[in-house]
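Visitor: This is the structure I want to talk about, given as structure tokens.
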Amino acid sequence: LFAIMWALISRSFLKTATATGKTARTVYRETTVRQKSIPAALLGREFAHFGASPNYMLNCGLGTVMLPILGVLLLVKSSDLLPVIYEMAGDEASGLLATMLCAALCLVGSMNDMASSSISLEGKNLWLAQSLPVTPWQVLRAKLLVQVLVTGIPMAVTSVLILLAVRPALPLALLLIALPQAFVWLSAAFGLTMDLKRPNLVWTNEITVIKQRLTVLLAMLGGWVYAALVGVLYYPFGIDMGAAWYLLAWTVLTVVLTLVLLRWLHRTGSRLFASL
């Protein structure tokens, strides 16, 4: 973990910290620039911003590192943990295990909250994004996709590792993939909505935007509470419903909430972004 974080931080932090302020003269040489589509260019712009800020990566992208660790640990320790769980839970072990693993995946995934700071981090340069010859929704979608991709890909890898370790029935296996992925979209849409509602564009230190705002706290706590409810409500409702139906209900609810937020972002959120 230290080596990974060192490699990420050294790309920008060490260069900035040791800069002398002097710039060398360079001779312009004509080169060929590869043309990109508008979505790819906007997404590349957001990833460049994310990769250039150590504070942004460390405070908003920790879940990307923790998710594969969770999957690998469970895969390695499954032979020791699973017999104990099955002995304690009996017939309900399979459903309980799948539910708790879904809740754990969502809980760790909620540690990523790039979208809840992405608009505010534009700061006084927000006019640059607003003046681009693109629609506001295209800009918002790029900010949304950064969190979805940075979280969704390791989430999918971790889900596969968990399936290899637990080997649940097919319905539960599909839901162990579908529910966490739906939660990734919900978490990103909710965080972006919070940032649109209460942006901070007059900061002097980016850490203020990333860590010291109520909207960021609400976005993260909202993800934790949602993930906790998936696990806590299993005993009152899930046992009678069956784990597959219980997780399916949560998946449908998550998709519906995500679509509502995406609709708001596409319409009202786009107008709000243009007027900031």
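The values are calculated or read from the model by the stated rules, or taken from the named source; none is laboratory data. Please read all numbers here as calculations on a predicted model, not as lab measurements. Neighbour counts are summed over all protein chains in view; Cβ atoms, including those assigned to glycine, are modelled from backbone coordinates with ideal geometry. The accessibility values were calculated without ligands, DNA or RNA, using every heavy atom of the protein model including side chains. Shrake-Rupley method; radii C 1.70, N 1.55, O 1.52, S 1.80 Å.
Visitor: So is Ser270 in contact (Cβ under 8 Å) with a residue 24 or more places away in the chain and small (Gly, Ala, Ser) or not?
Guide: Details: in contact (Cβ under 8 Å) with a residue 24 or more places away in the chain: yes; small (Gly, Ala, Ser): yes.
Answer is yes for this residue.
Visitor: Tell me which residues, restricted to the stretch 249-267, are farther than 23 Å from Gln138 by Cβ and buried (at least 18 other Cβ atoms within 10 Å of the Cβ).
Guide: If the condition is that a residue be farther than 23 Å from Gln138 by Cβ and buried (at least 18 other Cβ atoms within 10 Å of the Cβ), then Trp250, Thr251, Thr254 are the ones that fit.
Visitor: Right, here's the next one. Quick check on Leu144: is it touching a residue at least 40 places away in the same chain (Cβ under 8 Å) and closer than 18 Å to Val230 by Cβ? Walk me through it before giving the result.
Guide: Details: touching a residue at least 40 places away in the same chain (Cβ under 8 Å): yes; closer than 18 Å to Val230 by Cβ: no.
No, not satisfied.
Visitor: Just one of the numbered conditions (1) more than 29 Å from Phe13 (Cβ to Cβ); (2) modelled with pLDDT of 90 or more; (3) hydrophobic (A, V, I, L, M, F, W, C) is not true of Leu74; which one?
Guide: (2)
Visitor: Could you please tell me which pairs satisfy a Cβ distance under 7 Å, a separation of 6+ or placement on different chains, a first residue in the stretch 47-71 that is polar (S, T, N, Q), and a second residue that is open to solvent by 20 Å² or more (accessible area, probe 1.4 Å)?
Guide: Ser53/Glu206; Asn55/Glu206; Asn55/Ile207; Asn59/Lys211; Thr64/Val150
Visitor: Next question, about the same structure. Can you tell me which residue within the stretch 188-236, out of those that are farther than 30 Å from Met100 by Cα, of a type in the set (Val, Ile, Thr) and in contact (Cβ under 8 Å) with a residue 60 or more places away in the chain, is most open to solvent (accessible area, probe 1.4 Å)?
Guide: Val202
Visitor: Hey, among Ser159, Ser187, Ser131, which residue is hydroxyl-bearing (Ser, Thr, Tyr) and touching a Ser or Thr at 6+ places or on another chain (Cβ under 6 Å)? Give the steps one after another, and end with the answer.
Guide: Working: Ser159 fails: touching a Ser or Thr at 6+ places or on another chain (Cβ under 6 Å); Ser131 fails: touching a Ser or Thr at 6+ places or on another chain (Cβ under 6 Å).
Within the list Ser159, Ser187, Ser131, the selection yields Ser187.
Visitor: Can you confirm whether Val84 is within 28 Å of Met241 (Cβ to Cβ) and in a helix (DSSP H, G or I)?
Guide: Values: within 28 Å of Met241 (Cβ to Cβ): yes; in a helix (DSSP H, G or I): yes.
Yes: the conditions hold for Val84.
Visitor: Among the residues of the stretch 172-185 satisfying the criterion of being over 11 Å from Ala115 (Cβ atoms) and in contact (Cβ under 8 Å) with a residue 40 or more places away in the chain, which is nearest to the chain's Cα centre (by Cα)? Lay out the reasoning, then the answer.
Guide: At the first step, the residues of the stretch 172-185 found to be over 11 Å from Ala115 (Cβ atoms) are 172-183.
Next cut, in contact (Cβ under 8 Å) with a residue 40 or more places away in the chain only: 172, 175-176, 178-180, 182-183.
Numbers: Leu172: 23, Leu175: 19, Leu176: 17, Ala178: 15, Leu179: 14, Pro180: 11, Ala182: 11, Phe183: 9 Å.
The qualifying residue nearest to the chain's Cα centre (by Cα) is Phe183.
Yes/no per residue for (1) crowded, with 19+ Cβ neighbours inside 10 Å; (2) within 12 Å of the chain's Cα centre (by Cα):
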{"site": "Pro83", "(1), (2)": "no, no"}
{"site": "Gly95", "(1), (2)": "yes, no"}
{"site": "Cys102", "(1), (2)": "yes, no"}
{"site": "Ala115", "(1), (2)": "yes, yes"}
{"site": "Glu122", "(1), (2)": "yes, no"}
{"site": "Ser131", "(1), (2)": "no, no"}
{"site": "Ile153", "(1), (2)": "no, yes"}
{"site": "Val157", "(1), (2)": "no, no"}
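Visitor: Need the failing condition index for Leu107 against (1) hydrophobic (A, V, I, L, M, F, W, C); (2) open to solvent by less than 20 Å² (accessible area, probe 1.4 Å); (3) touching a Phe, Trp or Tyr at 6+ places or on another chain (Cβ under 7 Å); (4) closer than 28 Å to Gly44 by Cα, just the number.
Guide: (2)
Visitor: Quick check: is even one residue across the stretch 103-115 modelled with pLDDT of 85 or more and of a type in the set (Val, Ile, Thr)? Explain how you work it out, then say what you get.
Guide: Going residue by residue through the stretch 103-115, those that are modelled with pLDDT of 85 or more are 103-115.
With the extra rule that they be of a type in the set (Val, Ile, Thr), the set shrinks to 108.
Within the stretch 103-115 (the criterion being modelled with pLDDT of 85 or more and of a type in the set (Val, Ile, Thr)), the answer is yes, since at least one residue qualifies.
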